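Below is one structure, written out as structure tokens, with a few remarks after it.
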Amino acid sequence: MTNEHHHHGEHEHHHHAAAVNRYEAVLNKYDTNLVDDDIRAAVRKLIEEKVHHNDTLEVKKFLMGSIELTTLKTTDSEESVLAFTERVNQFDATYPDLPHVATICVYPCFAKTVSETLEVDGVEIACVSGSFPSSQALIEVKVAETSLAIKDGATEIDIVMPVGKFLSGDYEGVCDDINEQKQACGGHDMKVILETGCLKTASNIKKASILAMYAGADYIKTSTGKLEPAATPEAAYVMCQAIKEYYDQTGIQIGFKPAGGLNSVTDALIYYTIVQEVLGEKWLTNKWFRLGTSRLANLLLSEVLGEETKFF
């Protein structure tokens, strides 16, 4: 998908037109004319009718095991990230019967610290990369950042879709950007953050989901958590529909990660229920469904233990 874009001279114009048509052809395979009010109504109905069935100890334990424990602060330091990682090591010893978190998510400059400190098998090391959270950088810089994160021990990469390019209709630019960073991941999973709060409409969210998957995303993720609004049930619903339709068309299973604004156990149960209803049981594992949050780890633990607990 990359090299063929770099012909020069007289072919340039025809080539560009062909590329534009190619992305439109991909989008035309899916229903992207969505009505926002219809989505809101469907989500409201689903929440009212289904969420209470999932308000169980078993589901809350499962959700703990799907958390991507995240620290993305300007004040993060080697010391703070080391202590953060040690909490995950200690959790395993303190609560051997409970599932450990799925992932620790940090900036690339801390990949080495986490990878040298983490002792728990099965916890992934995710790094936000590609000039997170704006994605406004030269592609060479994004690729270098991603490659260095992998070299230092990241096992997953989270990038932000170039939202400005998407909103300008430059779908070729969006897909090239995502695809080049995917190639820099060296076979590791890459999550593409759509920043759904900037996309405004259900139709845009559906289109962005499809393009991200087409360009090489292994997961699609709602938000960076750095802008408002962050994750919403409506955005999640549309993204899960896109994942389902993409799977039906291609046989490729893509993961889903809501992130940003996950403030309560009820929020987590709502996202769980949306995945269950739209995607089904095949996605209800801590490989295919992740929750980007730190706040929720203590809240879920408190409910599972039956007393207020601040462990993380």
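Scanning segment 135-149 for residues that are of a type outside the set (D, E, K, R) and touching a strand residue (DSSP E or B) at 6+ places or on another chain (Cβ under 7 Å), we see that the one that is surrounded by the fewest Cβ atoms within 10 Å (Cβ to Cβ) is S135. Residue check: Y271 meets all listed conditions (1) surrounded by 20 or more Cβ atoms within 10 Å (Cβ to Cβ); (2) without any contact (Cβ under 8 Å) to a residue 40 or more places away in the chain; (3) within 21 Å of G65 (Cα to Cα) but one, namely (2). The numbered conditions (1) under 24 Å from P258 (Cβ atoms); (2) touching a residue at least 12 places away in the same chain (Cβ under 8 Å); (3) assigned to a loop (DSSP other than H, G, I, E, B) are all true for T74 except (2).
Candidates in segment 31-60 are the residues that are open to solvent by 100 Å² or more (accessible area, probe 1.4 Å) and not acidic (D, E); of these, the one that is nearest to A242 (Cα to Cα) is N33.
For segment 54-68, which residues satisfy the criterion of being touching a residue at least 40 places away in the same chain (Cβ under 8 Å) and either part of a helix (DSSP H, G or I) or in contact with a strand residue (DSSP E or B) (Cβ under 6 Å, 6 or more places away or on another chain) (or both)? Scanning segment 54-68 gives N54, L57, V59, K60, K61, F62, L63, M64, S66, I67, E68.
Evaluated against (1) open to solvent by less than 10 Å² (accessible area, probe 1.4 Å); (2) in a helix (DSSP H, G or I), Q276 falls short on exactly one condition, (1). Among the residues of segment 118-142, write down those that are β-branched (V, I, T), under 15 Å from the mean Cα position of the chain (by Cα) and closer than 19 Å to N286 by Cβ. Passing the criteria: only I125.
Assessment of segment 115-126 against the conditions (small (G, A, S) and either buried (at least 23 other Cβ atoms within 10 Å of the Cβ) or assigned to a loop (DSSP other than H, G, I, E, B) (or both)) yields at least one matching residue. Looking at K226, is it open to solvent by 10 Å² or more (accessible area, probe 1.4 Å), in contact (Cβ under 8 Å) with a residue 60 or more places away in the chain and outside any helix (DSSP H, G or I)? Yes: the conditions hold for K226. Among the residues of segment 167-223, those that are assigned to a loop (DSSP other than H, G, I, E, B), among the polar types (S, T, N, Q) and surrounded by fewer than 24 Cβ atoms within 10 Å (Cβ to Cβ) comprise S168, T201. When the test is whether a residue is in a helix (DSSP H, G or I) and of a type outside the set (S, T, N, Q), K310 does not pass it.
All told, K310 meets the bar of being open to solvent by 20 Å² or more (accessible area, probe 1.4 Å), without any contact (Cβ under 8 Å) to a residue 24 or more places away in the chain, of a type in the set (K, R) and more than 17 Å from E195 (Cβ to Cβ). Only one of the listed residues (K226, K282, K257) is more than 26 Å from S135 (Cβ to Cβ) and either at pLDDT below 95 or of a type in the set (K, R) (or both). That residue is K282.
The values are calculated or read from the model by the stated rules, or taken from the named source; none is laboratory data. The shown structure was predicted, so the numbers you read here are calculated from the model rather than taken from an experiment. Here the Cβ is made from the backbone with ideal geometry for all residues, glycine too, and neighbour counts use every protein chain on show. Please note that ligands, DNA and RNA were not included when accessible areas were found on the heavy atoms of the full protein model with its side chains. Shrake-Rupley method; radii C 1.70, N 1.55, O 1.52, S 1.80 Å.
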